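Here is the structure we will look at.
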Amino acid sequence: MSHFTPVDIFSLAGRSVNRLGYGAMQLAGPGVFGPPKDLDAAIAVLREAVASGVNHIDTSDFYGPHITNRLIREALHPYPDDLLIVTKVGAIRGKDGSWIPALEPDDIKVGVLDNLRNLRLDALDVVNLRIPGDIHSPAEGSIEEQVAALAELQHQGLVRHIGLSNVTSAQIAEAQIIAKIVCVQNQYNLIQREDDALVDELADKGIAYVPFFPLGGFAPIHSSALSKIAQTIGATPIQVALAWLLHRAPNILLIPGTSSLEHLRENMQAAKWSLPHGVRAQLDAIGRGNGKLLEIPTLHWK
Ligand SMILES: NC(=O)c1ccc[n+]([C@@H]2O[C@H](COP(=O)([O-])OP(=O)(O)OC[C@H]3O[C@@H](n4cnc5c(N)ncnc54)[C@H](OP(=O)(O)O)[C@@H]3O)[C@@H](O)[C@H]2O)c1
């Protein structure tokens, strides 16, 4: 039986990042709104993530809003030289916690300035332009004006690299005419596989694919077949779901989110699982068989 061990680093925005990163969204309060229930625990999770080798953190100023970035600043500033903080713009939060698209050029500038201020940075390493629409299948439509606005901020030195989130292959191609795109962040995991072809397309181009909801999001993936496979190889289902992503393609970078030290430690072990070919085939079959049947709660955009 052939074993395959994925490499553990990838070049993103000119930096070597550990393919196991960390997504900070879960650090804000319930519904990604307001402060965390346990501030000290949130700070501890961020510090331990970095101490355990994470050098790629995903965030946005609309998490909280402002909360997650301020937590990152409090926990980690001045930032280690090798830490790549990837943030995103394209939304604001309503007073009720709703997610409101903010994609006018002025909105994008305000989003960049908010991130700079709350992360206490002079320039942002990578900014993802987050396009609204159905989270399960991004909506086609031109994003030229928004990419041009971000490229102008790049020109001004406020943004070093540009990425895209919740986009289609056609939108990526359109954006690449305006600016270099270093990463794409769409929903993808063992069960939700709509982006299978896009993952391969971006792998061929050497562009990082950073799945959001790598564990299924607010309700982590649950599958009896996954649990059975995990038991067989002595891992947890969550570790296997992450290990499958690491094996899926070399350009996949993980940003699993957690507010728990215990879960962080479990997730950081995912890279140690080398999945035999037969196990990967069984895991692939879960996505093909069950994906459309699972109802997974998600974010609601206005
Ligand atoms: N571009 C976008 O539109 C977009 C959208 C959503 C998210 N994101 C980014 O993607 C990152 C990842 O997404 P996500 O955090 O929403 O979802 P996720 O990583 O798929 O899953 C997070 C959920 O899994 C739980 N969890 C984590 N580790 C676990 C473990 N070992 N055992 C059991 N449960 C575990 C977390 O709860 P606990 O806190 O209890 O561990 C949380 O409920 C976010 O942090 C954010 O940075 C981007």
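The values are calculated or read from the model by the stated rules, or taken from the named source; none is laboratory data. On a predicted model such as this, the values are computed, not experimentally measured, just so you know. FYI the Cβ positions are ideal-geometry reconstructions off the backbone, even for glycines, and counts take in every protein chain you see. The accessibility values were calculated without ligands, DNA or RNA, using every heavy atom of the protein model including side chains. Shrake-Rupley method; radii C 1.70, N 1.55, O 1.52, S 1.80 Å.
Points to keep in mind about this one:
- Between the listed residues G216, A270, N251, the Cα displaced farthest toward the positive end of the dipole of the chain, a dipole computed from Cβ unit charges relative to the Cα centre, is found at A270.
- Positive-end extreme of charge dipole, the chain - chosen from Q146, I181, T68 (charges on Cβ): T68
- Sorting the Cα pairs of the chain by distance into bins of 20 Å, from 0 upward, gives 35, 60, 5 percent per bin.
- Exceeding the 28 Å Cα-Cα cut-off - candidates K88/K205; K37/K95; K180/K272; K88/K228; K88/K180; K95/K180: K180/K272; K88/K228; K95/K180
- From most to least packed by mean Cβ count within 10 Å, the peptides 208-216, 174-182 give 208-216, 174-182.
- For the pair R120 and S98, the difference between a 0.36 nm per residue extended length and the Cα-Cα distance amounts to 5.3 nm.
- The stretch 179-215 and the stretch 100-173 have their alpha-carbon centroids 17 Å apart.
- Cβ charges +1 (Lys, Arg) and -1 (Asp, Glu), total dipole of the stretch 165-219, debye: 200 debye
- For D196, the shell of other residues with beta-carbons less than 13 Å away shows a net charge of -2, using +1 for Lys and Arg and -1 for Asp and Glu.
- Environment charge of N18, counting only residues whose C-beta is closer than 10 Å and scoring Lys/Arg +1, Asp/Glu -1: -1
- Label sites at E152 and A197, each approximated as a point 7 angstrom past Cα along Cα to Cβ, lie 3.5 nm apart.
- Summarising the strand pairing of the stretch 20-151, around 25 percent of its internal DSSP beta bridges are antiparallel.
- One chain, two ends: T232 and Q282. Fully extended at 0.36 nm per residue, the span grows by 16.8 nm beyond their Cα-Cα distance.
- Summed over the residues of the chain and divided among them, the accessible surface reaches 43 Å² per residue at a probe radius of 1.4 Å.
- Nearest-20 debye value, the chain charge dipole, Cβ charges on Lys, Arg, Asp, Glu: 640 debye
- Evaluated at q = 0.15, 0.16, 0.17, 0.23 Å⁻¹, a Debye calculation over the C-alpha positions of the stretch 209-257 (equal weights, vacuum) places log10 I(q)/I(0) at -0.38, -0.43, -0.49, -0.84.
- Between A51 and A173, the contour length at 0.36 nm per residue exceeds the Cα-Cα span by 40.2 nm.
- Neighbourhood net charge (13 Å Cβ-Cβ; Lys/Arg +1, Asp/Glu -1) for P237: 0
- Length-normalised contact order for the chain - Cα pairs under 8 Å, 6+ apart - percent: 21 percent
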